[in-house]
Amino acid sequence: MNRSQSQKGRRQKGFLILAILAGLLAGLAGCGAYQHAPYLTDPKIQAGPPEAFVRPSYTDYRSYRLAILPFRVPAQVVDVGFPITEVFHRQILEKKPFQTVVRVNEYANNLAQAQHLAKEQGADLFILGEVPYFLDSGCTAISGVQVDLKIVETSSGRIIWYLSDNIKAEPAPIYDLWVTETKPKDSPSIYYLVETLATRMTTAMQTNLEAMAQQQANAVTPCADITGSTCRPTGKK
């Protein structure tokens, strides 16, 4: 009887060890399947796509002098117009889509006043920026911003470029598998979103102007002689 009980006990221990090993192997296989962190551990950022309603297509504006006027923001939002303008000013200075950039600190109430302020700075072009949508929910809810840029020819008041772009972000929950609760991961600050938007829009300007300049460099026109030969244009200075 004692011998039978001893054998039964050994068999039970053997089954228990096998069950533990099987569980460990299954756990290791499951862990190996997660080679990357789950997407819920990162904030969700959605951007664009950017739009260009008007785009220059015949003049290389890179050598022009640009004036940046303060951006207009929604009436219910205070003290954000100048910081947003400064972010775009810094990005344009860094990317250099235009040769010279000057900052105007005075708001313009209409197009004529904006032209006057730009002429005082000796600017060939000026930017009218508008922020039709601005939502700063801190780091615990959805935040977003939209920016519209109009680049205007100072002499004529004609819009030569009209760009629009938007971006939003929301925090994503981190699921704790050991404790049954969720903890939100902070979303980026609103000015991180503005910086991202300014980088995208300034890069779009730079890319378009460089492509335009390359097209002009590759273009050929008939020369004014009777042979009908061709020559490269000198381009507008």
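The values are calculated or read from the model by the stated rules, or taken from the named source; none is laboratory data. A quick note: this is a predicted structure, and the numbers were derived from the prediction, not measured. Glycine also receives a Cβ, built like all others from the backbone with ideal geometry; neighbour counts cover every protein chain displayed.
Worth pointing out:
- The numbered conditions (1) surrounded by fewer than 18 Cβ atoms within 10 Å (Cβ to Cβ); (2) under 25 Å from Ser189 (Cα atoms) are all true for His116 except (2).
- A residue that is part of a strand (DSSP E or B) and crowded, with 19+ Cβ neighbours inside 10 Å cannot be found anywhere in segment 85-94.
- Looking across segment 148-169 at every residue that is in a strand (DSSP E or B) and not hydrophobic (A, V, I, L, M, F, W, C), the one that is nearest to Pro188 (Cα to Cα) is identified as Lys168.
- Residue satisfying all of: in segment 137-147; part of a loop (DSSP other than H, G, I, E, B) and of a type in the set (Val, Ile, Thr); modelled with the lowest pLDDT among these: Thr140
- Restricting segment 30-61 to residues that are aliphatic (A, V, I, L, M) and either at pLDDT 75 or above or not in a loop (DSSP other than H, G, I, E, B) (or both), the residue that is farthest from Asp124 (Cα to Cα): Ala33
- Candidate set: segment 108-136, residues that are in a loop (DSSP other than H, G, I, E, B) and touching a helix residue (DSSP H, G or I) at 6+ places or on another chain (Cβ under 8 Å); chosen: the one modelled with the lowest pLDDT: Asp136
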